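*Asks:* First the structure, which I've put down as structure tokens, then a few questions once you've had a look.
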Amino acid sequence: MKTTDLRKYNRGTIGNKGGGRPTKNDEIKLIEELTPLEPIAYASLKAGLERGEFKYVQLFMNYYYGKPKQIQEIKVQEDIAMFQIEVVK
């Protein structure tokens with residue numbers, strides 16, 4: 001059985017052009033732009049922690065220890081009729 005390589009007929013995606021993950025170059029450029037602001041961000045975080053403001057403490061704890069596992073309770077009611085069907089002759 002002979003198999004052919006059909007990748008040569010692949011012309012790329014049809015929809016969602018420009019979608020998906022940004023290119024690595026964009027990420028590197030963003031990191032380069034934000035790097036000079038790093039000491040200011042750490043100083044602001046430190047000042048907020050020293051003042052004891054909840055949002056700063058919460059942000060620090062979430063990044064340092066990780067966010068706690070969130071549990072959601074979902075109740076489903078099966079007896080509610082969403083629509084009614086009528087047969088018309």
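The values are calculated or read from the model by the stated rules, or taken from the named source; none is laboratory data. Everything numeric here is computed off the predicted structure, so don't read it as measured data. As a convention, Cβ positions derive from the backbone with ideal geometry for all residues, glycine included, and neighbour counts pool all protein chains shown.
*Asks:* Report, ordered by the first and then the second residue, all pairs with beta carbons closer than 9 Å, sequence separation of six or more or different chains, a first member in the range 55-76 that is more than 15 Å from Tyr42 (Cα to Cα), and a second member that is of a type outside the set (A, V, I, L, M) and at pLDDT 90 or above.
*Replies:* Note: pairs meeting the criteria are Pro68/Asn62.
*Asks:* Now, a different point. Please go through the range 52-69 and pick out each residue that is more than 20 Å from the chain's Cα centre (by Cα) and loosely packed, with under 10 Cβ neighbours inside 10 Å.
*Replies:* Residues satisfying the conditions are Gly52, Phe54, Lys55.
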